[in-house]
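J.: Take this structure, written in structure tokens, and hold onto it; I'll ask about it next.
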Amino acid sequence: MAEHKLDQQWTPELLQFHEELQAKNMGPLWASVFSSSQPTPRAIPYLWKKQLILDMLEKAKNLLQVGTGSIDRRAVYLVNPGMKYLQPHGWGGATQTLYAAVQALNPGEIAPPHRHMTSALRFIMEGKGASGVVNGVKYNFEPGDYVITPEWCWHDHINEGDETVLWMDCLDIPFTSALTSSFFEMYPAEKQPIDFPEDYGTKRYAGGMVRPISDRKPSPAPIGRYTWDLTKQAIDGQSEFEADPFDGYAVEYINPTTGKDANGRIGARMQGLPPGFKGKAHRHTHSSVYVVHKGSGYTVINGERFDWEAGDFFVVPVWAVHEHVNTSETEEAFLFSTNDLPIMELFGFEREEAYSENEGHQHIVKVFEPDFAEDSVVIE
Ligand code: GTQ
């Protein structure tokens, strides 16, 4: 890519003029990032260990109750260290468009119903007995399930079991905040009425490949919960064929009435990396937030190695070169990820490029040292 060649000198007079412009609430185009030859993301590649997030949720649990009259949701969100400048009002974000958090719901708790214009999705990490009600349909949560809450749908979460249930929340909060287009409303009762049979949307699509004839017309969210079993079957079905060189055996969650992403503004994928998989590197303009569902391995992002295991979160910012490796010779690894591909494509921003040097593999120049809580006990 060609860079601008500048002969212009940033003289003291010019710098003073820049300050004058600033004082008059104006700015010099010639000194802005507009002519940068490629994206210059503020978000940086980063990884949060599961243990650190759990330690923080444990503290939140000791300090806060969930329910009507108390807090709505016990969720700790991930702040990209490159975007801390947006705190506390800009919601930080794991990437420039995506908010990601881990939510914990204890036995007996009800996270009361509300709705908002940001769209939301959940990936169930561990624990059984919780469910979510979305516009009157109750969806049971099982580890590995993907659950959507499209914009402006009422939703509450209930834990009727005897274990704490943990899940990832992902919302397009930074994006909707940038457009200042967010509305939010509380439901006037502690719970929503359940108007449909349990797991209605999921059961109607139990076959996976066929759709009820009444759904020929597009519907915003015909399925609310995509079960781990069906997702795993789809990955297993691919696995006798050649893997994608970058992403292994990856599937994306779709709306079967439109063929587009299940959640209109946030893409979501599950990828299976076979034992010993060593993916090639590439980069693209969409950004992603990953949570490791199963297995262990590492991802090299812009030359830095991020080691991961189940429950860890990491981010791949815009245009960052990345490659995934499964370090186990016997176990498959599964990565769940969310992305802003739907909005990048909608506005014509999506670009992708394979890394061509060194047979498609980056040189590792740095190994990421994850953060742990000061008082956390690291369980080996
Ligand atoms: O569970 O409804 O992490 O509305 C952030 C906003 C979770 C939720 C979040 C939300 C929710």
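J.: Work out from phi, with θ = phi - 60° and the Karplus expression 6.51 cos²θ - 1.76 cosθ + 1.60, the ³J(HN,Hα) of each residue of segment 241-247, listed in order in whole Hz, and give x for Gly and Pro.
T.: 9, 5, 6, 5, x, 9, 10
J.: Another question, then. With a 10 Å Cβ neighbour count serving as the proxy for reagent exposure, in which order, fewest first, do 213, 364, 110 appear?
T.: Ordered from fewest to most neighbouring Cβ atoms within 10 Å, 213, 364, 110 come out as 213, 364, 110.
J.: Still on this model: Charges at C-beta only: +1 for Lys and Arg, -1 for Asp and Glu. How large is the resulting dipole of segment 123-268 about its Cα centre, in Debye rounded to 20?
T.: That gives a dipole near 680 debye.
J.: Is segment 202-288 best put as rounded, prolate or oblate by its Cα gyration tensor, with a ≥ b ≥ c the root eigenvalues, rounded for a/c under 1.5, and otherwise prolate when a/b is larger than b/c, oblate when not?
T.: Note, shape of segment 202-288 comes out oblate.
J.: Defining a contact as two alpha carbons under 8 Å apart and six or more residues distant in sequence, what relative contact order in percent does segment 298-380 show?
T.: That works out to 39 percent.
J.: Right, next: Arrange the following residues from fewest to most other Cβ atoms within 10 Å of their Cβ: 24, 232.
T.: The order, fewest Cβ neighbours first, is 24, 232.
J.: Testing the spin-label approximation: label points 7 Å from Cα along Cα→Cβ at residue 13 and residue 65. State their distance in nm.
T.: Those two pseudo-labels are separated by 7.1 nm.
J.: Here is a further query. Give the aspartates and glutamates whose C-alpha is closer than 12 Å to that of residue 59, dropping any in the same chain fewer than 8 places away, or say none.
T.: 375
J.: Report the residue, chosen from 282, 116, 18, that carries the largest GNM mean-square fluctuation when the chain is represented by alpha-carbon nodes joined by springs under 10 Å.
T.: 18
J.: Cut-off is 10 Å between beta-carbons; in what order do 160, 309, 109 appear when sorted fewest neighbours first?
T.: 160, 309, 109
J.: What whole-number value in cubic angstrom gives the convex hull volume per residue for the C-alpha atoms of the chain?
T.: Residue-normalised Cα hull volume stands at 188 Å³.
J.: For n ≥ 4 DSSP H runs only, could you compute -39500 (n - 2.57) per run for the chain, divide by its residues and tell me the 222 nm figure to the nearest 500?
T.: Value at 222 nm, helices only: -4000 deg cm²/dmol.
J.: Which of the residue pairs 50/191; 84/260; 49/278 have a Cα-Cα distance greater than 29 Å in the structure shown?
T.: 50/191; 84/260
J.: Continuing with the same structure: Compute the Cα gyration tensor for segment 296-380, then decide on rounded, prolate or oblate, letting a ≥ b ≥ c be the square roots of its eigenvalues: rounded whenever a/c is under 1.5, prolate when a/b is larger than b/c in the other cases, and oblate in all that remain.
T.: Here segment 296-380 falls in the prolate category.
J.: OK, next. Per 10 Å bin, what percent of the C-alpha pairs of segment 210-362 does each bin hold, from zero upward?
T.: Once binned at 10 Å, the Cα pair distances of segment 210-362 give 11, 38, 36, 13, 3, 0.
J.: Right, here's the next one. Given the peptides 286-297, 175-186, 47-58, arrange them by the average over their residues of other C-beta atoms within 10 Å, most packed first.
T.: Taking the mean over residues of other Cβ atoms within 10 Å, the ranking is 286-297, 47-58, 175-186.
J.: Could you tell me whether segment 85-244 comes out rounded, prolate or oblate from its Cα gyration tensor? Rule is a ≥ b ≥ c as square roots of the eigenvalues, rounded for a/c under 1.5, then prolate if a/b exceeds b/c, otherwise oblate.
T.: Rounded.
J.: In whole angstrom, how far apart do the alpha carbon centroids of segment 94-143 and segment 289-319 sit?
T.: Distance between centres, Cα-based: 23 Å.
J.: Continuing with the same structure: Return the single residue from 321, 210, 133 with maximal mean-square fluctuation; model: Gaussian network over the chain, springs between Cα atoms under 10 Å.
T.: 210
J.: Now, a different point. Less than 15 Å from a label point 7 Å out along the Cα-to-Cβ axis of residue 331: which backbone N atoms in segment 282-313 qualify, by residue?
T.: 292-298, 308-312
J.: If I take every Cα pair under 8 Å that is 6 or more residues apart in segment 144-292, average their sequence separation and divide by the length, what percent do I get for the relative contact order?
T.: 24
J.: Taking Cα pairs under 8 Å and at least six residues apart, what relative contact order does the chain come out at, in percent?
T.: 16
Coordinate-derived values only; no laboratory data. All values derive from a computational prediction rather than experimental measurement. Every residue, glycine among them, receives a Cβ derived from its backbone with ideal geometry; neighbour counts consider all protein chains shown.
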